[in-house]
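Worksheet: the structure to be examined is printed underneath.
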Ligand code: BGC
């Protein structure tokens, strides 16, 4: 099948394209605004294609959204406490766009920029973005490529970036999954496993309290599959405070290797998903703040706990935590990380 590119809308006079990738097994739609995945069709157990990611029908809604539906997030995904960090002895100050803290790259992160199409074929799309020196307060200019590839029943997302000064780089994708179909409401009956021995406890502003903590003997232990509902109802302080899961789990693959980070299942559709990554952590977020409910694609209502995100990334606030894996991208080096979402039915 040929790749399909069409006009999705215009942002400040600039064209935003919608690209459809289809390899005959799965299909994916991506818009150049925010490099956002706006639809992902996988087969259910009756061999019917089911769209399992939340999204919007119009560019306007993507431009106005604060939920980062499907978007590529950067330059630094997740939070940086007080919007401050020090690099090579110099202090930097970033926008505080989430209370007292910096979130997902600032006021105009990569999720709210128009990306350029570099290469497109039926099962592959390469998008590029240039982020200038000082943009959103970050040092150095950064050249970013994201390559989306359909391989059988899998979507691979490879991030490559290089900077002309040492800078921070933490790129992720913020898709909201609902394996029963994007508009099917609560994920309570769906099951999840996160293959992490440790996680990062946070304060009420989602800033790490200290270091990492073992999941053992707590409801954060997701190493054996459990329903979302069972854990979302837990009165464990970390889950109550965040109104669900909004936590980074330690995946720690060996350098340059991929590791199975998480798996999720939906009995109703039979759709199951695996997440493999080369990145050190995964933020499990259960759409805790989709309140009041939003109207999404096809007029569907999306509400709290109506989806889950598995955002592979460096740990929150790592620029201020010397004990966490370092998210500094040095001049002359490449940020090169891949996350694969693969699907099967049971
Ligand atoms: C964060 C949440 C935040 C959401 C939408 C997630 O990655 O962990 O705290 O509300 O993104 O901004």
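Could you work out how much longer the chain between residue 64 and residue 330 gets when fully extended? Use 0.36 nm per residue separation minus the Cα distance between them, nm to one decimal.
92.4 nm
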Gain on full stretching of the segment that runs from residue 90 to residue 4 - 0.36 nm per residue minus C-alpha separation:
26.3 nm
In whole Å, how far is the Cα centre of the range 146-202 from that of the range 253-317?
6
Take the Cβ-Cβ distance between residue 224 and residue 320 as r, set R0 to 41 Å, and report the resulting FRET efficiency rounded to the nearest 0.05.
0.75
Please state the equivalent ellipsoid semi-axes for the range 302-346: what are the square roots of 5 times the Cα gyration tensor eigenvalues, largest first, in whole Å?
30, 18, 9
For the range 181-319, what number results from the quotient of the Cα radius of gyration and 2.2 N^0.38 Å?
1.04
Point-to-point label distance, residue 233-residue 254, nm (Cα→Cβ direction, 7 Å offset):
4.2
GNM flexibility winner over the chain from 312, 172, 269 (Cα, springs under 10 Å)
269
Just to be sure I understand: with springs between alpha-carbon atoms less than 10 Å apart, which residue in 88, 23, 97 has the highest mean-square fluctuation in the Gaussian network model of the chain?
88
Could you work out how much longer the chain between residue 203 and residue 151 gets when fully extended? Use 0.36 nm per residue separation minus the Cα distance between them, nm to one decimal.
14.8 nm
With the 8 Å Cα cutoff and a minimum separation of six or more residues, the range 30-156 has a relative contact order in percent of 20
I need to check one value: relative contact order of the chain, counting alpha carbon pairs closer than 8 Å and at least 6 residues apart, in percent.
18
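Suppose we look only past 15 Å in the calculated P(r) of the range 256-316. What percent of the Cα-Cα pairs does that tail hold?
When all Cα pairs of the range 256-316 are counted, 62 percent exceed 15 Å.
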May I have the extent of the alpha carbons of the chain along their three principal axes, as whole Å values ordered from largest to smallest?
58, 51, 39
Debye calc, one equal point scatterer per Cα of the range 109-226, no solvent, log10 I(q)/I(0) at q = 0.18, 0.20 1/Å comes to -1.17, -1.17
With -39,500 (n - 2.57) per DSSP H segment of 4 or more residues and division by the full residue count of the chain, the 222 nm estimate, nearest 500 deg cm²/dmol, is -1000 deg cm²/dmol
Determine Rg/Rh for the range 1-124; Rg is computed over alpha-carbon atoms and Rh is the Kirkwood hydrodynamic estimate from the same atoms.
1.07
Could you tell me the extents of the range 188-234's C-alpha atoms along the three principal axes, largest first, rounded to whole Å?
32, 21, 14
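No value in this document is a laboratory result; all are computed from the given coordinates. These numbers were taken from a predicted model, which means no experiment stands behind them. Cβ coordinates were reconstructed from backbone atoms using ideal geometry, including for glycine residues, and neighbour counts include every protein chain displayed.
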